[in-house]
Amino acid sequence: MKSTTDKYLEIHNKRIDEFGLNAKALWSGTESQHKRFSILLNLILSKENFSLLDFGCGFGDFFPYLSSKEYFPSKYYGIDINSRMIAEAQKRYPSVNFYLGSSDNFIDLNIHVDYVIASGIYNLGENKNEVQRFFISQFKDLFLHVNTGFGINFLSDKSPSMDNVSIYHSPEETYTLCKKTFSSNVKVIEGYLPNDFTIFVYK
């Protein structure tokens, strides 16, 4: 059985080989990526003087998106398990601290941030329950290093068109799980894309 990590690396490396080092290797394209980014932006309560971790940062595309919307973090970190993506992110945005690794590696740095965002990193794996456990185990630890909150998007099991590779989550179930595990201050956003939803969790 392949782990969530193995599945993520296998599929995204294949897509990089096919589409190159661009948003198409991660999403259907830039348009859907930016739609998801526009929702995640609402997590951030101030447009400047905040710190942020882009968890599963890919090519680091959220960094220039922030600037384009006049959000200016005082500290920005990105981490991803894919070495090809991290190498490209470091090349594109040399002023950003990018790291190769996962939640454990970031926690070892003993850095605290105001926000964590994660886009599209829990959509691959063996099955929904395994991916859900993986999400909870990672963010239980990361949440201890978060000052304000985190935002994550998932593929929705309400999607009108599902493929046989991706993992789809229940918005209601994910909401309940986050309230039980992290905080009573949880928000679900739906309706911006037919196959997607976003969860915000604040301390």
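The values are calculated or read from the model by the stated rules, or taken from the named source; none is laboratory data. Nothing here was measured: the structure is a model prediction, and the numbers come from that model. A quick note on method: Cβ atoms are made from the backbone with ideal geometry, for glycine too, and the neighbour counts reach across all protein chains shown.
Can residue 174 be described as under 17 Å from residue 128 (Cβ atoms), without any contact (Cβ under 8 Å) to a residue 60 or more places away in the chain, surrounded by fewer than 15 Cβ atoms within 10 Å (Cβ to Cβ) and not basic (Lys, Arg)? Reasoning before the result, please.
Values: under 17 Å from residue 128 (Cβ atoms): yes; without any contact (Cβ under 8 Å) to a residue 60 or more places away in the chain: yes; surrounded by fewer than 15 Cβ atoms within 10 Å (Cβ to Cβ): no; not basic (Lys, Arg): yes.
The answer is no for residue 174.
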(message) If residue 197 meets every condition in (1) over 22 Å from residue 82 (Cβ atoms); (2) surrounded by fewer than 21 Cβ atoms within 10 Å (Cβ to Cβ) apart from one, which number is that one?
(response) (2)
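How many of the residues making up segment 177-192 are assigned to a loop (DSSP other than H, G, I, E, B) and either at pLDDT below 95 or surrounded by 16 or more Cβ atoms within 10 Å (Cβ to Cβ) (or both)?
Taking segment 177-192 first, the residues assigned to a loop (DSSP other than H, G, I, E, B) are 182-184, 191-192.
Narrowing further to those that are either at pLDDT below 95 or surrounded by 16 or more Cβ atoms within 10 Å (Cβ to Cβ) (or both): 182.
Going through segment 177-192 one residue at a time, the tally reaches 1.
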(request) Look through segment 1-49, keep the residues that are outside any helix (DSSP H, G or I) and basic (Lys, Arg), and return whichever of them is modelled with the lowest pLDDT. (result) 2
(request) Could you tell me whether segment 152-162 includes any residue that is small (Gly, Ala, Ser), at negative phi and in contact with a helix residue (DSSP H, G or I) (Cβ under 9 Å, 6 or more places away or on another chain)? (result) yes
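Could you list, in sequence order, the residues of segment 57-91 that are of a type outside the set (Gly, Ala, Ser), farther than 17 Å from residue 44 by Cβ and surrounded by 15 or more Cβ atoms within 10 Å (Cβ to Cβ)? Working first, answer last.
Taking segment 57-91 first, the residues of a type outside the set (Gly, Ala, Ser) are 57, 59, 61-66, 69-73, 75-77, 79-82, 84-86, 88, 90-91.
From the residues that got through so far, the ones that are farther than 17 Å from residue 44 by Cβ too are 59, 79-82, 84-86, 88, 90-91.
Matches in segment 57-91: 59, 79, 80, 81, 82, 84, 85, 86, 88, 90.
Applying the selection to segment 123-154, what residues are farther than 22 Å from residue 184 by Cα and in contact (Cβ under 8 Å) with a residue 12 or more places away in the chain?
From segment 123-154, those farther than 22 Å from residue 184 by Cα are 123-131; that's our starting set.
Result: 123, 124, 125, 126, 127, 128, 130, 131.
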(message) Where the second residue is among the aliphatic types (A, V, I, L, M) and the first is on the phi > 0 side of the Ramachandran plot and lies in segment 88-101, which pairs have Cβ atoms under 6 Å and are six or more apart or on separate chains?
(response) 101/79
(request) Please enumerate the residues belonging to segment 50-72 that are outside any loop (DSSP other than H, G, I, E, B), within 16 Å of the chain's Cα centre (by Cα) and over 15 Å from residue 150 (Cα atoms). (result) 63, 64, 65, 66
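Step by step: first the residues of segment 93-126, then only those that are assigned to a loop (DSSP other than H, G, I, E, B) and β-branched (Val, Ile, Thr), then the one that is farthest from residue 138 (Cα to Cα). Which residue is that? Even if it seems obvious, please write down each step before you answer.
From segment 93-126, those assigned to a loop (DSSP other than H, G, I, E, B) are 93-96, 101-102, 109-112, 120-126; that's our starting set.
Then keep just the ones that are β-branched (Val, Ile, Thr); that gives 96, 111, 121.
Values: 96: 23, 111: 15, 121: 12 Å.
Out of the qualifying residues, it is 96.
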(message) Can you pull out every residue in segment 102-134 that is in contact with a strand residue (DSSP E or B) (Cβ under 6 Å, 6 or more places away or on another chain) and either at positive phi or hydrophobic (A, V, I, L, M, F, W, C) (or both)?
(response) 106, 113, 116, 117, 118
